[in-house]
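To keep things clear, I will list the structure first and then write my remarks on it.
The values are calculated or read from the model by the stated rules, or taken from the named source; none is laboratory data. Bear in mind the structure is a predicted one, so any value in this text is a computation, not a measurement. Using ideal geometry, Cβ is built from the backbone for each residue, glycine included, and neighbour counts are taken over all protein chains shown.
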């Protein structure tokens, strides 16, 4: 278990990068902390998503990877923030408002803790999930996310006698560059329910002890988390 960001591995631009492709581009580096978002299948209208994806492909063709910090920030402002805003509007079935379905997912997220991955923070919102975690050893982001989604989808559909897609097929991910990036992700996770004005019984949040301690320290006026 990590006790500070000094225990974590961050993205190394000069090290080997594994590239994965679905409808979105995915990067992998062994053991590197990452920030991942996946969402329910009906959480964003298809016409909005199509326009978003078309504009993003055009931007990526003009700004090929690897990206500078400035390019990453520009991408987040243009594309990540837009998706997050749509998700926070609470469109779709918002099946994760259901306490029983949330419990299915949170149980799934804890299943491989300490063996396949280490979770640092996550929030389960009504129609999406944000996670900050580190894969362990040879386990990959793609395999971990696929397992979370597959197990939770089957159990959630069984719970209410449903069939069909539960999660959107793809997911959004970003390898964490450094401690500053890590804490920005952790703060985003903590603040997401309040920012989206979600009722207390419609979401779930987890923070590893060192994450919770550092964020609480900042909240009460202490020094910022270490870089």
- request: State all residues of region 166-194 that are closer than 21 Å to residue 106 by Cβ and surrounded by fewer than 14 Cβ atoms within 10 Å (Cβ to Cβ); if no residue qualifies, say none.
  value: 191, 194
query: When you scan region 58-114 for helices (runs of 4 or more DSSP H) that lie fully inside it, which ones turn up with 2 or more residues that are closer than 13 Å to residue 43 by Cβ and under 15 Å from the mean Cα position of the chain (by Cα)?
result: 81-88
message: With the requirement that a residue be more than 23 Å from residue 81 (Cα to Cα), at pLDDT 60 or above and either exposed (fewer than 14 other Cβ atoms within 10 Å of the Cβ) or under 17 Å from the mean Cα position of the chain (by Cα) (or both), what does region 15-31 give you?
response: 29, 31
task: Filter region 46-93 down to residues that are within 30 Å of residue 202 (Cβ to Cβ), in contact with a helix residue (DSSP H, G or I) (Cβ under 8 Å, 6 or more places away or on another chain) and loosely packed, with under 14 Cβ neighbours inside 10 Å, then give me how many there are.
output: 2
task: Search region 173-187 for residues that are under 14 Å from residue 72 (Cα atoms) and pair each with any residue that is in a helix (DSSP H, G or I) when their beta-carbon atoms are under 6 Å apart and the residues are at least 6 apart or on different chains.
output: 173/141; 176/182
- line: Conditions (1) surrounded by fewer than 17 Cβ atoms within 10 Å (Cβ to Cβ); (2) more than 25 Å from residue 210 (Cα to Cα) -> residue 113 fails only (2)
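For region 195-208: of the residues being in contact (Cβ under 8 Å) with a residue 40 or more places away in the chain and over 14 Å from residue 105 (Cβ atoms), which is surrounded by the fewest Cβ atoms within 10 Å (Cβ to Cβ)? If you could, list the steps in order and put the result at the bottom.
Taking region 195-208 as the starting set, the residues that turn out to be in contact (Cβ under 8 Å) with a residue 40 or more places away in the chain are 195-196, 198, 201-208.
Still in the running and over 14 Å from residue 105 (Cβ atoms): 195-196, 198, 201, 207-208.
On the way: 195: 12, 196: 19, 198: 18, 201: 9, 207: 20, 208: 19.
Filtering region 195-208 for residues that are in contact (Cβ under 8 Å) with a residue 40 or more places away in the chain and over 14 Å from residue 105 (Cβ atoms), the one surrounded by the fewest Cβ atoms within 10 Å (Cβ to Cβ) comes out as 201.
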